[in-house]
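Enquirer: Quick one: this structure, given as structure tokens, is what I'll be asking you about.
Since every read-out is calculated from the coordinates, none of them should be taken as a lab result. None of the values given here were measured: they were computed from a predicted structure. A quick note on method: Cβ atoms are made from the backbone with ideal geometry, for glycine too, and the neighbour counts reach across all protein chains shown.
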């Protein structure tokens, strides 16, 4: 069993190792398939910051991702909590319609969304980046499933003690569902950070550049510097890797619906 797991662990980690090694090699070495670290890291970094605004792209990606994550957790947790705690047949029908939206590919609604946001003058804006994905059916369903394990007796007791519905949510439900919030935060942050298609469409000026867009810019043209490209991919990957490893335990508990 350990031999089997070791083999597949190496296979899974190998792309990350190759990416890190390629970031330290020249473009020619990458094409040749060199699998050992080189000495070209500083040159690749100098070329990257000379050709692209790396700092601005990192700041934009962090700003958009963190803001979207916080707002998405607030909206989706309130929605999931409301669907389950104030349960009736009408809400089940609405929830079914929301889940059907998961079957519609984003590319199918891309053009209507762009037209709507263009008329609303939300191009090149943080609000334009956030609104389409501020609420997702998956996160609403995830919080609804977690709310099913929340004891209703606690809610009734809190109402008798005079707490309002929002106080019950923030003081009773929120602390209990920390693992669910951690899992939802990991998923939302990674999706927001790696988002490429919608930012590429709505962010039409260079000041709104994000990290995935920066990586995409390096692929265009007649000649691609693969060493510089791999270094930019490394910069783009590190934040999501750090977030996942920091919240790994809570992520597993939240996905399985564990409640402490």
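Enquirer: In deg cm²/dmol and to the nearest 500, what is the mean residue ellipticity at 222 nm of the chain if only DSSP H runs of at least 4 residues count, each as -39500 (n - 2.57), divided by the residue total?
Expert: It lands at -22000 deg cm²/dmol.
Enquirer: Any idea how far apart residue 16 and residue 74 come out in nm if each label point goes 7 Å out from Cα toward Cβ?
Expert: 3.3 nm
Enquirer: Do you know the relative contact order of the chain, to the nearest whole percent, from alpha carbon pairs under 8 angstrom that are 6+ apart?
Expert: Value for the chain: 32 percent.
Enquirer: Go ahead and run the numbers for FRET between residue 93 and residue 4, Cβ-Cβ distance against an R0 of 35 Å, rounding to 0.05.
Expert: 0.15
Enquirer: Further question on the same structure: What Rg and what Dmax come out for segment 71-211 when only alpha-carbon atoms are used, in angstroms?
Expert: According to the Cα coordinates of segment 71-211, Rg and Dmax are 17.8, 56 Å.
Enquirer: If the elastic network links every pair of Cα atoms under 10 Å, which of 166, 150, 45 fluctuates the most in the Gaussian network model of the chain?
Expert: 166
Enquirer: State the three equivalent ellipsoid semi-axes of the chain, derived from the C-alpha gyration tensor as the square roots of 5 times its eigenvalues, in descending order and whole Å.
Expert: Equivalent ellipsoid semi-axes, largest first: 40, 24, 16 Å.
Enquirer: Quick one: check the C-alpha center-to-center distance for segment 108-179 versus segment 196-240, whole angstrom.
Expert: Computed from Cα coordinates, the inter-centre distance equals 30 Å.
Enquirer: Taking the chain as the reference, fit the longest principal axis to its C-alpha atoms, fit the long axis of helix 137-147 to the helix C-alpha atoms, and give the angle between the two in degrees, 0 to 90, nearest 10.
Expert: 50 degrees
Enquirer: Run the paramagnetic zone check for residue 121: 7 angstrom along Cα to Cβ, then residues of segment 195-213 with backbone nitrogen under 19 Å.
Expert: 202-205
Enquirer: Another one. Just to verify a number: FRET efficiency for residue 156 and residue 197, C-beta to C-beta distance, R0 = 35 Å, to 0.05?
Expert: That pair, residue 156 with residue 197, gives E of 0.15.
Enquirer: In addition: Largest first and in whole Å, give the semi-axes of segment 66-109's equivalent ellipsoid, each being the square root of 5 times a Cα gyration tensor eigenvalue.
Expert: Its equivalent ellipsoid spans semi-axes of 21, 19, 5 Å.
Enquirer: Something else: Helix 110-119: angle to the longest alpha-carbon principal axis of the chain, degrees 0 to 90, nearest 10?
Expert: 80 degrees
Enquirer: Pick from 246, 104, 59: which is most flexible by mean-square fluctuation in a GNM of the chain where alpha carbon atoms under 10 Å apart are linked?
Expert: Of 246, 104, 59, the most mobile in the Gaussian network model is 104.
Enquirer: Then there's this: Viscosity 0.692 mPa s, temperature 37 °C: what is the translational diffusion coefficient of segment 15-115 from Stokes-Einstein with a Kirkwood Rh over Cα pairs, rounded to a whole number of µm²/s?
Expert: Approximately 176 µm²/s, per Stokes-Einstein.
Enquirer: Same structure, new question: Report the percentage of all Cα-Cα pairs in segment 141-249 whose separation exceeds 16 Å, rounded to a whole percent.
Expert: Beyond 16 Å sits 71 percent of the P(r) for segment 141-249.
Enquirer: How far is helix 89-100 tilted off the main Cα axis of the chain, in degrees rounded to 10, range 0 to 90?
Expert: Once rounded, one gets 10 degrees.
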